[in-house]
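Okay, so here's the structure we're looking at.
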Amino acid sequence: MKNVSKMKKVATVCLIVFILLPGSAFHDMLLLMLLVGIWRRELRETMSRWWKYSYSALWSCMAMLTLFLMPRPFSLPTDRVSLVYFNDKGEREPAPLHHWIFNLIFPEETICAMGSCVPLTPLRSVLPIGESILKDYDSELLRGGMLKVGDAYRRNNLALESPLSGTVPQGFNEFFGEKKRAVYVIRPRNFDKDREYPILFFAHGYLGNWKLYSGILRDIEDHIVVCMATEDLSGIFNSRHISEIQTVYLPMLNELGMKVDKDAISIMGLSNGGSATDIAYSSCPGLFRNIIYVSTGVNHSNRVKPKIMIIGGGEDHCAPSMRKGMKALQGNGQRSAFCFDEKHTHLKLLTDKENCLRFLNEELK
């Protein structure tokens, strides 16, 4: 009878690990607590030999850590990364309860981990992304680049920060007709509330404002970073979104107790987010100190005041446009800088983030 009971426990453990292991740190802690609960009798007997209260202490520590890693609808004073909800007037709003519940059940890290496995299955053909992106994925998978994607999430987890996913409000808008918007605000290290900081606005690409990017952009030195929002998952920005930098985002940051150096505003567009950098370049270049294209088409090359930067790889389907843009910018004497190599793909910011961050931190000074 004991053997049957033990076999049931082993089978339960294997099933739980199989289901939850690819998930978020929050799911991992739930898994660990569940396993400890299943084997509590054996653990109590073993641990009590060296300290009477060891099992209770273990359980308390795990429970506390799980609370810290739980997706949070609010930010703590120690958090550097926060997801800020706001309305059309730029006024802050609390995160809706159903968004928080969705994050608890389906943390972004879990969705990302499971989604990364789908291209390896017959479901590949129904994915809502183009064949060119899938080819980039295949290329990065073969050389192990996709293994680095989880590092960005771990950067937040190691800091015990777990904001909600920025894609959730965009997804609910697109599929359920809601009208919620939220942006990530990243404070610089050693933040000084009395100092004016340069600011970088990040325009995400298709599939939304992923928390994933906040785990990378938190390493931009000495800048406030704002990951801008579109209403849906398209990542297509328009002139109104750019005008909101002055009418919505800067007042919001002031309300959050952050002072901005208005002569040091930069904008960076990734993939479809290149629509934001295109508008900045053509319509209001005087607002920006730097305009940065990341893995996206470069559609303008006339000389302007801001420095133009291009980050990309030669295996990206956008590579021909980026090469043409670099050549034109060099040819007309535009102040520019490039982080471009032939071996990387459309996923360069994720799979070559160390070099991208090194480049950005040097050129944004």
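Quick notes on this structure:
- Between the amide H of residue 292 and those of 267, 268, 269, 309, distances stay under 5 Å, these residues lying 5 or more places away or on another chain, with hydrogens modeled in the peptide plane.
- Counting only alpha carbon atoms, the long axis of helix 319-331 and the longest principal axis of the chain meet at about 40°.
- Accessible area (Å², 1.4 Å probe, nearest 10) - residue 353: 20 Å²
- For segment 296-365: rounded, prolate or oblate by the Cα gyration tensor [a/c cutoff 1.5]: oblate
- Using only side-chain charges placed at the Cβ, +1 for Lys and Arg and -1 for Asp and Glu, the dipole size of segment 76-135 relative to its Cα centre rounds to 180 debye.
- Taking every DSSP bridge with both residues inside the chain, close to 30 percent are antiparallel.
- Residue among 233, 293, 77 farthest towards the positive dipole end of the chain, charges placed on Cβ: 77
- Taken about its Cα centre, the chain carries a charge dipole of roughly 940 debye when the Cβ of each Lys and Arg holds +1 and the Cβ of each Asp and Glu holds -1.
- Peptide packing for 41-51, 192-202 was compared via the average number of neighbouring C-beta atoms within 10 Å per residue; ordered from the highest value, the list is 192-202, 41-51.
- Residue-wise HN-Hα coupling along segment 285-293, computed from phi with Karplus coefficients 6.51, -1.76, 1.60 (Hz; x: Gly, Pro): x, x, 6, 10, 8, 9, 10, 10, 9
- Rounded to the nearest 20, the size of the Cβ-charge dipole of segment 256-365 about its Cα centre is 380 debye, with Lys and Arg at +1 and Asp and Glu at -1.
- Using bins of 10 Å that start at zero, the share of Cα-Cα pairs per bin across segment 206-312 amounts to 14, 48, 35, 3, in whole %.
- Farthest toward the positive end of the dipole of the chain, out of 328, 252, 60, is the Cα of 60, where the dipole comes from beta carbon charges about the Cα centre.
The values are calculated or read from the model by the stated rules, or taken from the named source; none is laboratory data. As the structure is a prediction and not an experimental result, all values here were calculated from the model. All Cβ positions, glycine included, derive from the backbone under ideal geometry; neighbour counts span all protein chains shown. Surface accessibility is based on the protein's heavy atoms, side chains included, excluding ligands, DNA and RNA. Shrake-Rupley method; radii C 1.70, N 1.55, O 1.52, S 1.80 Å.
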